1. Taking the options Leu341, Leu374, name whichever one is modelled with pLDDT under 75, farther than 17 Å from Glu290 by Cβ and surrounded by 17 or more Cβ atoms within 10 Å (Cβ to Cβ).
2. I want to confirm something. Restricting to the range 58-73 and keeping residues that are under 19 Å from the mean Cα position of the chain (by Cα) and polar (S, T, N, Q), which single residue is farthest from Ala44 (Cα to Cα)?
3. Go through the range 1-32 and give me each residue that's buried (at least 23 other Cβ atoms within 10 Å of the Cβ) and among the hydroxyl-bearing types (Ser, Thr, Tyr).
4. Name every residue in the range 222-265 that is farther than 22 Å from Phe182 by Cβ and open to solvent by 10 Å² or more (accessible area, probe 1.4 Å), in order of residue number.
5. Output the number of residues of the range 33-71 satisfying the condition of being of a type in the set (A, V, I, L, M, F, W, C) and open to solvent by 30 Å² or more (accessible area, probe 1.4 Å).
6. Look at the range 221-242 and say how many of its residues are in contact with a helix residue (DSSP H, G or I) (Cβ under 8 Å, 6 or more places away or on another chain), within 20 Å of Val45 (Cα to Cα) and near the ligand (Cβ under 9 Å from one of its atoms).
7. Give me the pairs, please: first residue somewhere in the range 109-133 and under 11 Å from Ile208 (Cα atoms), second residue anywhere and modelled with pLDDT of 95 or more and basic (Lys, Arg), beta-carbon distance under 8 Å, and either six or more positions apart or on two chains.
8. Just give me the residues in the range 178-187 being more than 16 Å from the ligand (Cβ to nearest atom), assigned to a strand (DSSP E or B), open to solvent by 30 Å² or more (accessible area, probe 1.4 Å) and within 23 Å of Asp150 (Cβ to Cβ), in sequence order.
Amino acid sequence: MIRLYDTMSREKREFEPQNPERITMYVCGPTVYNRAHIGNARPAVVFDTLARLIRHEFGPDSLVYARNVTDVDDKIIAAAEAEGVEPAVITERYERAYLEDMGALGVEPPTIAPHATREIGPMIAMIERLIGLGHAYEAEGHVLFSVPSDPTYGALSRRDREAMLAGARVEVAPYKRDPADFVLWKPSGEGVIGWDSPWGRGRPGWHIECSAMIRAHLGETIDIHGGGLDLIFPHHENEIAQSRCAHGGAPLARFWVHNGFLDMGAEKMSKSLGNVVTVNDLLAQGHRGETLRLALLSAHYRSPLPWTEALIEQSKARLDRWYRALKVLEESPQPQSDGALGGFIEALSDDLNTPLALSVLDSALRVLDRPDPLAEYQEGQLAYGTGRGVSILSAAVKHARMLGFLNSSSEEWFKGSLADETRISDAIFRRNNAKANRDFATADRIRDELKAEGIILEDTPSGTTWRRG
Ligand SMILES: [Zn+2]
């Protein structure tokens, strides 16, 4: 039984889908005008993990997961103007980049990826319906949602009117009847992307896109709506108002699930990492997607996650341990049985407690963190005994793969990094020898050669360490 924390009711509840054979989940996706920040990767990885759990519990075809692509937006228009190209050039380039980056992090594509520009018809239809029901009005080429027409507005964020107006940072346009009203449709000037509508040529506001696409692809009420905490207000509040008012009061989602932020300022980072914040840059630095994925899942999804160099290094070391365990399994003559690890699914099912689930994997794989575990297994020396040890190991690897880890062979995993590590520690050894012989020119040359390939040496009282800079 999966339990999820629902932001609307502010409590953890049992997740019982409306239809267990067609569970519906919608997550607000990227606005495609630049490369994804590592912070934007957190919801993609978190909801990918939730999707994997749901499919594990309810069956591989049980879930319809929609993640939209916002491909019309003022930031996109500005980026296109800056480059002197059509908006589609920008959106196609960055949607491809987004999919590549998320693919590197082991994020499986959603079932459906609706694009705003391809769903203008359903948006216009929903806006017309809202006007007809007295929840929206036209003014100076704009269509606005009338917030006072919805007495339950604010239920998700639980803000009073003062806080809502402050939070929305409303620039009170003269055509608004109420300062809290928000845009459903706005006019497009000449040369700006737009579509014909009953209110003239224009383009949709951001919020209506999600409401209309959820209705078109998933239905009036979905099981799970997800996104980052920053979307609760105003975006999700506005989605709720639009959908509920257009659908005779039917709730938009049965569970509202929100992930916390990455904290980029928790420690003073090196100049290099301080500037490196996109997924692409982190990958280009030599970090593997699997390492970044593990780092992103190392904290509970609702908690803030301090994003530090140490976290990335710890995650890499943790995966090295797991891959050493995988190597034992690859070399094991024992047949692989299909065991289950006590506590793993239970941890994930408790509001996606990934830190606990990962620690269950750590414990199962720790018994193998020995100089020559395979020999010990074969000799039956380890506490678990040969057969059972391998079966626990096999179960741990199966569960790690369910979470998107251990997808390479141990050989592939260690190929690059071990060779590098051996070579670098060899260089450090030669440099220390040169220093001991007071041959500072050689010592400096070795340091500079490593620096040229992005390896930074640090002399500490306990010896020389290195990191990628
Ligand atoms: Zn949305």
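1. Leu374
2. Checking each candidate, the answer is Thr70.
3. The answer is Thr24, Tyr26.
4. Correct list: Arg254, Phe261, Leu262, Asp263, Met264, Gly265.
5. 1
6. Total satisfying the criteria: 2.
7. Listed pairs, sorted by first residue: Pro122/Arg215; Met126/Arg215.
8. Lys186
The values are calculated or read from the model by the stated rules, or taken from the named source; none is laboratory data. Predicted model only: the values in this text are computed from it and were never measured. Every residue, glycine among them, receives a Cβ derived from its backbone with ideal geometry; neighbour counts consider all protein chains shown. Note: areas computed on protein heavy atoms with side chains; ligands, DNA, RNA excluded. Shrake-Rupley method; radii C 1.70, N 1.55, O 1.52, S 1.80 Å.
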